[in-house]
Amino acid sequence: MKEYPSTQIRNVAVVGHGGSGKTSLVDALAFVAGSSKRHGRIKDGSALTDYSPDEIERGYSINLALAHAEWEGVKINLVDTPGYLDFAGDALAGIHAADASLIVLGASAGVETGTEKVWQYSQACEHEAIFFVSMMDKEHADFARVYGQIRERLSPKAIPVEIPVGAGPEFRGIVNLISKTAHFYQAGTKSGEYQEQPIPPELQPTYEKYENDLIETVASTDDALVERYLEGQEISHEELVTAMRAAMKRRELFPVFCGAAELTYGARALLSEIVELVPPPSDEPPVAAEKWGSAEKVELACRDDAPVSALVFKTVSEPHVGDVSLFRIRSGTVKNGQEVYNAARSVPEKLNHLSVAQGRDKLEADVLHAGDIGVIAKLRDTHTNDTLCTQAAPVVLPRIPFPEPIIHVAVEAKERGDEEKINLGLARLADEDPTFHWEYNADVKQTWIHGLGERHLEVILGRLARKFGVHATMAKPRIPYRETIKGKGEGQGRHKKQTGGRGQFGDCWIRMAPLPRGSGYVFEDQIVGGAIPNKFIPAVDRGIQEAAVRGIQAGYPVVDFKVEVFDGSYHTVDSNEMSFKLAGILAFRNVSPTCRPVLLEPLADLEVMTPEEYLGAVMGDLSARRGQILGSEPEGTGLKLRAVVPEAELYKYATQLHSLTQGRGTYRHKFKGYAEMPPDAAAKVIEAHQKEKQEKEEEA
């Protein structure tokens, strides 16, 4: 692989909603540039960056993937990202690995939910951004409508640099507003060849309108140009491009281009504009890292002569290869076979088989310079978000703030005995995907998996079957309810058993009382006069705790109560610890039902982000889920609604919210605490427990 210094590198994250044409565009750019020898298609399963079995089967991107295009002496690293929110972690990782965002929109669909989300990610990273309206050759393509949506829902600073000639089946070219020429594409072209011609007369009024808008917008970002513009002086091509590049760097302007990726229309022009407008890594400001072992901050400039620092932004497991790490070099030069250091884990790593990715293919490289993106296999103890550096200058780069999972389901093995294999597989998959978590919940005796959406978790189980040969199904997660008491009571627990030899005897009297929520369990020894010997008191305590775990009404642990043992009796021969433990169990069973037991349910603090027009529907749905609405406030272009909702009512809430808001609503939640269940809801849980208990007894 040819060496490219930092000045001859461009790092671009290709982002957008699922189905907007990102992968087709990456394929077209690499093919037109000659860096890829095959022009693949998603529908054939041959697209350059959608090569995993999951993606080929489903027909959309699931994983972040890398490609590159060599154009005008510059290497353009293209980071292809998934568009559906279920896989937003990879989109975020791709944006953090790049210096600019190429935001792709379908000419028919326009701005969608995923477009808004990746735009937010891009702006949070302070990226220069380019919009590309793709699929201009499809039915119902409408450039003007999509451009209007960009300005209304994303940024009023967006401005076209190209406009299409025709739309749908009649799409045949583009007009470049800066060069003032039309590019007409040859029917059947495979590499985006075009003929440069004067602008057609019928397009002249549209061209003049967009050209005036462009010149006025660009001039307004530069004091010297705006004076000349107001005086009616002509602004040259070079001056426009220079001013546009400077305005993009300040995020005061976002150019809009167009084309049809499957036909390769517009690919050549876009490659040239990326080279011209996107800054090289060497022009980016230094990254603030942390010196390992101290709170000291160090600034890392993108220079070859600086100490090595690189962030692993994605880890994937490939068949016959093992773990493959994708990394972005922030400073220094990386060489094949070089030893580096993972300071956070205190381990050295060796960079064998240093490569550059072109889809599934890996092209070995001797050297990668500051700012480049590379691939390395079989790092021993380095994972996503880890920093590679030198032992002489140990640093930790800022970590990617991956989104937290929002849904969870239970998983069950299809075949008995596969539980351990499932857990091992889930642990490996969690290492690959920071947005996927798993746990065994001992309270409900289920394995839970957590992710960003149902589609995300379906893909996880598919990988579990394919990579580890173990099959699991999703199930509704049980709710970890709790029980408590609201009243006081007292009574006796007496265990007596005579079997002909030495007997068993334990006798205790207890008082039970409720405690404030969150207090847990308190045991007090109020025995006087030696009614129960001191050595047997802890056994009574253990018996009460064991009985409390089994519940009073519905089999859930009892919490927030106090027990006083105040009287009892013993036998000098037959009493022992086990007898008093059993007495404690009996005392709890006898007294707790008299103390007004109630069920507690876990609550979630919920924040729902939604456009204002859907607020009423979202509030109505939350009320139907027994939610308590706390209020709303502006958030971005919409509203943030705050509510407290029972965890039991949030199963598959993501799907319902998507339906209510036409895919534009998102939410996050966290555990708040426990609260008493309404009697009617509690009665259903108790009834279900009694039924399950009866079925088990009948089976036995």
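For the stretch 136-152, the tally of residues that are crowded, with 16+ Cβ neighbours inside 10 Å, over 29 Å from the mean Cα position of the chain (by Cα) and not in a loop (DSSP other than H, G, I, E, B) stands at 1. Scanning the stretch 114-134 for residues that are more than 20 Å from MET609 (Cα to Cα) and polar (S, T, N, Q) yields a single hit, SER134. Among the residues of the stretch 259-298, those that are among the hydroxyl-bearing types (Ser, Thr, Tyr) and either surrounded by 17 or more Cβ atoms within 10 Å (Cβ to Cβ) or within 28 Å of the chain's Cα centre (by Cα) (or both) comprise THR264, TYR265, SER282.
The residue list ALA648, ALA643 contains one member that is more than 21 Å from LEU615 (Cβ to Cβ), assigned by TED's automatic domain parsing to the domain that holds ARG625 and under 24 Å from the mean Cα position of the chain (by Cα), which is ALA648. Checking each residue in the stretch 545-600 for being in contact with a strand residue (DSSP E or B) (Cβ under 8 Å, 6 or more places away or on another chain), assigned to a loop (DSSP other than H, G, I, E, B), under 30 Å from PRO646 (Cα atoms) and not basic (Lys, Arg) picks out GLY551, ILE552, GLN553, ALA554, TYR556, PRO557, VAL559, ASP560, CYS595. Within the stretch 506-544, being closer than 11 Å to GLY568 by Cα and part of a strand (DSSP E or B) holds for GLY506, ASP507, CYS508, TRP509, ILE510. Evaluating GLU238 against the criteria (1) charged (D, E, K, R); (2) modelled with pLDDT under 90; (3) touching a Ser or Thr at 6+ places or on another chain (Cβ under 8 Å) leaves one unmet condition, (3). Taken across the stretch 56-71, residues that are of a type in the set (S, T, N, Q), over 23 Å from GLU364 (Cα atoms), in contact with an Asp or Glu (Cβ under 7 Å, 6 or more places away or on another chain) and crowded, with 20+ Cβ neighbours inside 10 Å do occur, with at least one present. Here is a check on your reading of the model: is VAL308 at negative phi and in contact with an Asp or Glu (Cβ under 9 Å, 6 or more places away or on another chain)? No; evaluated as a whole, the condition is false for this residue.
Under the condition of being of a type in the set (D, E, K, R) and under 40 Å from the mean Cα position of the chain (by Cα), which residue from the stretch 172-210 is nearest to SER36 (Cα to Cα)? So, considering only residues that are of a type in the set (D, E, K, R) and under 40 Å from the mean Cα position of the chain (by Cα), the one nearest to SER36 (Cα to Cα) is LYS190.
One residue stands out in the stretch 299-309 among those that are out of contact with any Gly (no Cβ under 8 Å at 6 or more places or on another chain) and in a strand (DSSP E or B): the one that is surrounded by the most Cβ atoms within 10 Å (Cβ to Cβ), namely LEU300. For the stretch 352-375, the criterion of being farther than 24 Å from LEU78 by Cα and either of a type in the set (Asp, Glu) or surrounded by fewer than 16 Cβ atoms within 10 Å (Cβ to Cβ) (or both) is met by none of the residues.
Selection of the stretch 11-28 for residues being assigned to a helix (DSSP H, G or I) and farther than 12 Å from VAL79 by Cα yields SER24, ALA28.
The values are calculated or read from the model by the stated rules, or taken from the named source; none is laboratory data. All figures in this text were calculated on a predicted structure; none of them were measured in a lab. Cβ sites come from the backbone with ideal geometry, for glycine too, and all protein chains shown count toward neighbours.
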